[in-house]
Structure formats: structure tokens, C-alpha cells
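Encoded as C-alpha cells, the structure appears first; notes follow it.
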Amino acid sequence: MPQDGYDLVVVANRLPVDVSLDEKGKPTWTRSPGGLVTALAPVMAQADGAWVGWGGAPDLELEPFEVDGTQLVPVTLSDADIELYYEGFSNDTLWPLYHDVIAPPAFHRQWWDAYRRVNQRFAEAAAAQAAQGATVWVHDYQLQLVPQLLRALRPDLRIGYFHHIPFPPLEIFAQLPWRKAVVEGLLGADLIGFQRGGDAANFVRVVRRLTDLTTRGQVITLNDAHGRVTRHVRAAAFPISIDSRAFDELARTDEVQLRAKEIRRELGDPKTLLLGVDRLDYTKGIRHRIKAYGELLEDGRLSPSDTTLVQVASPSRENVGAYAQLRDEVELLVGRINGDYGQVGHAPVQYLHQSFPMEEMAALYLAADVMLVTALRDGMNLVAKEYVAARSDDRGALVLSEFTGAADELTGAILVNPHDIDGMKDAITYAAHLDPREARKRMRRLRRRVLGHDVNAWSQEFLAVLTAVPQRSTHV
């Protein structure tokens, strides 16, 4: 650690690596997957920075260590912390609440107590790493109290917070028993970033209703006990992206191009190849999509012998009951369709409950005629952007839920309301028979956006706005 700390500190629930101990008790690590890691790797490589987060295993007590020029600072979480703060409050209270209550959230006081306790631990770890006047960037719904807790410890810091998932309307957020504490936690930041303008507007409306603070447009004004202005907080949209150039280059390699052709051959060269790629999560609309596809086969609008749906559903939160139930329901649906419409040597649905490396994903994107991104609610959805980045051939069609952040940006997509099964069936049929000239026109428009606004642009925009915040003295 530099003598006076780091100028940029990232705080996230997870470190960018999964850490485990070998037989001799020495830490070994593998780079962890996920959009945030990919998003921040280039930023951290350029800055002399530290990343505060959990190492991915319970009761792992480790000293900070360096990976690729970034100082990694592990925060220890016990089995109880993981159960109460992570699986409990983060994923069984906040996640369903913030995703429009697609599944009912559970409100337990001991979960909230653990959430507060763990957020304090993260705030203290960040405060210990940050240089005087440093920039600290806190990420996501697991750490909404950190900005305020950190400001109490280090008033000299510039603090940014980015919310990767949707922020719900007031009427939904107001159900949270600890709603005011969460709002106050977020208001510890100087800049609060959201995926969509609508999310930022929801937050400002919540502030207006639950506090007596003044808001004007995106700006919230905080006062001291005497009514004097102490600082301003800005809530604005900064839509996240991917490393689109790298993905474009990967999809152009001979290996990936060959593998894409091989995939189609292995599937029996279907006339139409549909693709879904999601975490197995109830917010992703997988059941709705498979149901719509099954009905299209039943109606004869798609031929079961000429069409294949490949559904990649990577394992997710298998300790949470709603996820295990979802897996059973999806597999039952898939089995029923394959039983009704399959033939020897051909299944209309290829269901893969596993994760694949980036190269295989790029080949799948290239092989697919139609990409189905039909989430019921999603902060952004980077799969949609990956698909577009992979299609340097200007072919393919993207069917995209209007309830994803990506729908605001990807104007060449065929937008759907995934709750409307008939509407979704029409959109899938339209995409499957899209005129090649129109497909090219749409894909070029999509690629202009995805390649023109990559993850580097996202992080630079956010940090530029944050570092423009005036430096504060420590005596505030």
C-alpha cells in the first residue's frame, strides 16, 4: 500500500477474483466472471487502485494482495453473514423488491441487522485504503449503506455509488421497513448512478416523499441542522456497457467462426436457431419465453423439425428456494415440449444448465438467427449487447424486453412486453422471418450504439462527473 493510501478505491460485494487456500494455507485465485469485473478491469489497470470485496468463501481471513497491478483487499464474511446479509437481505429482500416484486420479498429484522453490520465492515475497509481526498466508487444493492457510513469515517473523500439493478417506484420501495435508512445510506454519495433515467427519477421521487430535502431535477440538496447547505448529491443515468471492441474481435477469430458453423451442424442445421442466454433467475422471463416457443410449435407457426431453441441457463443462487423451484419449472416445460415435438436425433429445445467460456458464448451468438432477451425486469442486460458486438456480419435479430435497461439504447431491436405471450409469439415469428435487408439495417444501428459506447466510456463518464465534485476539507 502506498504510504498515504490509494487515489481510487472500488468497493463491491465481491473481489474480481475467487480466492481459496491451497494445502499449505497459501491463497490461490481465479478471475471471477461477471460484468462488473470486466467493466472495471481497464479502469483499475490504469489507476493505482485498490478493490475492497469478499473473496467468495466463508471465514477466509486474508491480508491484502496484488493482482495485475490492483491491490485486492479481502473483507471476511462468516457463514452467518453470507446466510443473513447476502442470501437473506440482499437476495431475498432487496432483489425481489427492486425487481417489481416478481417474487415476494421477505422482511426479517435479523437480516437487516446483518446487512448493517456487514456494510459497516466494508466502509471501514475502504476508509483504511483511501488516500486523502481520494475517489471511492461503491457498487450495487448489497452495499447501499456504505456511502453514508464511509462519509462519517472520511468526510474528505469523493464518493460515488452505482446501482446495477433497477430502482423501483416509490409505491414498491415504500414497502421496505428500513426504507429511510437505505435512502440516507445512498445520500452519503456525491454521485448516484443508475442504468436508466427512470431509475434515477424513481430515486429522486423517493427522496422527495421520505425526506424533507429539496430536489431540483437530478440534484438533491443536503443541509446541516441550521439549514445551511452542506453539499449536493446528483442522481443520474449512466448506462453500463461491455468491452465491445474485444468482444467484436473475439467473434471475428477463425476459431469462433468455425465453432459457430460446427454448432449449427451439431444441432442438425436447423432453418431457424433461436438462442436464450441467462442466469437461471425468475427476473429473466425464461418460463414465459419457453411457453411462447412451445405455443408457436403447437400453432404450426414454427416447424419443430426446422427450429431449435438453445437455452443456456447458468446456475444461480441455488441455496435460495425460489431459484430451485424455478429450475424445476423450467426443466418440466422443456421436457414437455421435447416430449411433444421431438424426433429421434432432434430436440426442439436444447437446455443447458451450465456456464460456458466467452469463446463458446461468442460462437453461440454467431450461430443464432434470433437472440431472445425477454427479462421481466433487468437493470441493463449485457447479453443483448454481447450478441450485437458479436455480429460483425450484420445478420441476426434481437428480440428485446422493454423492461430491460438495454431497451432505452438498442433502438434496432424488436421490443416486446414479455408478459404478453401472444405479442411475444408475434415478435419471435417476425424475427425468425425477418427480411435480410431489414435485419442488416437494424443490426448496423445496434452495432453503432454498442461499439460507440463501450464500458470504458461508461466508467470514464461516471468518474469524470464524480471527480468534478469540488474537493472538501476534512472539517466539514
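Listed values, structure above:
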{"read-out": "Listed peptides 21-31, 184-194, 79-89 by packing density, highest first (mean Cβ within 10 Å)", "value": "184-194, 79-89, 21-31"}
{"read-out": "Cα-based helix-to-principal-axis angle, 358-367 vs the chain, degrees rounded to 10", "value": "40"}
{"read-out": "Gap separating the Cα centres of the stretch 253-278 and the stretch 115-164, nearest whole Å", "value": "44"}
{"read-out": "Packing-based ranking, highest mean first, of 439-450, 136-147, 286-297 given that Cβ atoms within 10 Å are counted", "value": "136-147, 286-297, 439-450"}
{"read-out": "For the stretch 299-314, 3J(HN,Hα) per residue [Karplus equation, 6.51 cos²θ - 1.76 cosθ + 1.60, θ = phi - 60°, Hz, x = Gly/Pro]", "value": "6, x, 7, 10, 8, x, 7, 9, 10, 10, 9, 9, 10, 8, 10, 6"}
{"read-out": "Placed amide H near His164: partners under 5 Å, 5+ positions off or other chain", "value": "Asp140, Tyr141"}
{"read-out": "Solvent-accessible area, 1.4 Å probe, carbon plus sulfur percent, for the chain", "value": "48"}
{"read-out": "Efficiency of FRET between Glu255 and Val67 - r from beta-carbon atoms, R0 35 angstrom, step 0.05", "value": "0.85"}
{"read-out": "Gyration tensor (alpha-carbon) shape descriptor, the stretch 432-471, a/c threshold 1.5", "value": "prolate"}
{"read-out": "Karplus-derived 3J(HN,Hα), 6.51/-1.76/1.60, for each residue of the stretch 18-23, Hz, glycine and proline x", "value": "8, 10, 9, 9, 7, 4"}
{"read-out": "Under 5 Å, built H, 5+ apart or other chain: amide partners of Val52", "value": "Val10, Val11, Ala12, Val73"}
{"read-out": "Amide H contacts of Gln311 (H built 1.01 Å from N, under 5 Å, at least 5 apart or other chain)", "value": "Gly276, Gln350, Tyr351, Leu352"}
{"read-out": "Surface per residue (accessible, 1.4 Å probe) for the chain, Å²", "value": "42"}
{"read-out": "Burial order of peptide ranges 224-231, 343-350 (average beta-carbon count within 10 Å, highest first)", "value": "343-350, 224-231"}
{"read-out": "Antiparallel DSSP beta bridges within the stretch 322-476, percent to nearest 5", "value": "10"}
{"read-out": "Whole-Hz ³J(HN,Hα) from phi, Karplus 6.51 cos²θ - 1.76 cosθ + 1.60, for the stretch 372-385, glycine and proline x", "value": "10, 10, 10, 4, 6, 6, 8, x, 10, 5, 7, 4, 4, 6"}
{"read-out": "Separation of alpha-carbon centers, the stretch 166-192 and the stretch 337-416, rounded to whole Å", "value": "32"}
{"read-out": "FRET efficiency for Asp394 and Gln325, using Cβ-Cβ distance with R0 set to 35 Å, rounded to 0.05", "value": "0.30"}
{"read-out": "Local net charge near Gly276, Cβ-Cβ under 10 Å (Lys/Arg +1, Asp/Glu -1)", "value": "+1"}
{"read-out": "Share antiparallel - DSSP beta bridges, the chain, percent rounded to 5", "value": "25"}
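The values are calculated or read from the model by the stated rules, or taken from the named source; none is laboratory data. In this text, all values refer to a predicted model and were calculated from it rather than measured experimentally. Please note: Cβ atoms are built from the backbone with ideal geometry, for glycine as well, and neighbour counts cover all protein chains shown. Protein only, heavy atoms only, side chains kept; ligands, DNA and RNA dropped before computing areas. Shrake-Rupley method; radii C 1.70, N 1.55, O 1.52, S 1.80 Å.
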